[in-house]
């Protein structure tokens, strides 16, 4: 029979179908058998794309941080940070969830570095901060109860022992923080029916999303932590959606509900601070 | 949840067991109640927040004061007891070389619903107690 090469467009004689080299150009040519049965149509999907339990990504890959032995620690960390914080949708959709230890280590490093910088700032601004806190506490109802307590000293970083204790405790606190919050998020994900890939996926997301907390190392006390926390919530919400193969609504609900409880306390603290500051202004005027 | 040990390294269950054990040591031996931290929500509203009394409950239970722990926060008492019991059981499981028990997803979900319901009930109880006081 006569066949035509799709590469060089020249014809040649052959006596079989299938893949074979073109005698003119040498390229592989596939000659389909016209008597062969047509290929079966793809089976209908049991779940719509994006439904829980359906693998969205064609292939999962290790995060760059998991390849730190070959990439080097700094490059592996920076590459992972950029992916987790700047491209969370793409990253969490395809990251492997079977080795959450890498994610936890990544989160612990991020939070520890941020904590160390905050401790450093606290030690540098200790005296000023302590004076400010004490002045505010004088104006806050029952604020006198806090005067000269560990709280004021700790917040102001006034004692050397306290500073060293914070530096040493930072990695352990970070580790506990990641596991506890992963557990809390998992509770809400389970209740919402959005934990199809288990706790390992949740822990992986919390670990890598904790990279955003590194922003807390910026020398802007208060604001840096606010930005870091907000960024973490965004990254974690997108991460839960992608890693747990769930919907945006469920992922955002699971991330937001625990923070609402925390926000009650934070709002109350903010209200007290504003109340205290306005009292300062009134008294000062 | 991931199975226990892989290649001799502690897994997720062991880390939670360590956290549970550490919480007992902290509650028993660190002067946590000496920090005098007041809940901002309670200061602003006069009412306890959802997690108020947890530290007192952990410390009281670590000292064997079950009534004091319950009075401080029923959920805190339950959480402390559960965490420490879990730490002991997981230690025994690892010591005996047993695998982590595999629960179906529905059982995990039921546990999660029960936990969050308990937290809500605990807060309602705390608010009621504060109002009665």
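Structure summary
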{"item": "Residue order, fewest to most surrounding Cβ atoms within 10 angstrom, among B:24, A:232", "result": "B:24, A:232"}
{"item": "Shielding by partners - mean other protein chain Cβ count within 10 Å, residues of B:102-115", "result": "3"}
{"item": "Cβ neighbours within 10 Å from other chains - mean over A:185-195", "result": "4"}
{"item": "Most to least packed among A:84-91, A:203-210, B:80-87 [average Cβ atoms within 10 Å]", "result": "A:203-210, A:84-91, B:80-87"}
{"item": "Length added when fully stretched, residue B:133-residue B:118, from 0.36 nm per residue minus Cα-Cα", "result": "3.2 nm"}
{"item": "Nearest 10 degrees, 0 to 90: helix B:12-29 Cα axis against chain B principal axis", "result": "40 degrees"}
{"item": "Estimated [θ] at 222 nm from DSSP helical runs (n ≥ 4, -39500 (n - 2.57)) normalised by residues in chain B, nearest 500", "result": "-22500 deg cm²/dmol"}
{"item": "Segment residue B:88-residue B:37, extension gain: residue separation times 0.36 nm, minus the distance between their alpha carbons", "result": "15.3 nm"}
{"item": "Nearest 10 degrees, 0 to 90: helix B:74-96 Cα axis against chain B principal axis", "result": "10 degrees"}
{"item": "Separation of alpha-carbon centers, region A:73-99 and region A:177-238, rounded to whole Å", "result": "14 Å"}
{"item": "Exposure proxy order (Cβ contacts within 10 Å, fewest to most) of A:104, B:15", "result": "B:15, A:104"}
{"item": "Proxy reagent accessibility, fewest Cβ within 10 Å first, across A:137, B:121, A:120", "result": "B:121, A:120, A:137"}
{"item": "Highest-fluctuation residue, B:106, B:28, B:63 considered, GNM on chain B with Cα pairs under 10 Å", "result": "B:106"}
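Computed from the coordinates by the stated procedures, all read-outs in this text should not be read as laboratory data. Since this is a predicted model, take the numbers as computed values, not measurements. Glycine also receives a Cβ, built like all others from the backbone with ideal geometry; neighbour counts cover every protein chain displayed.
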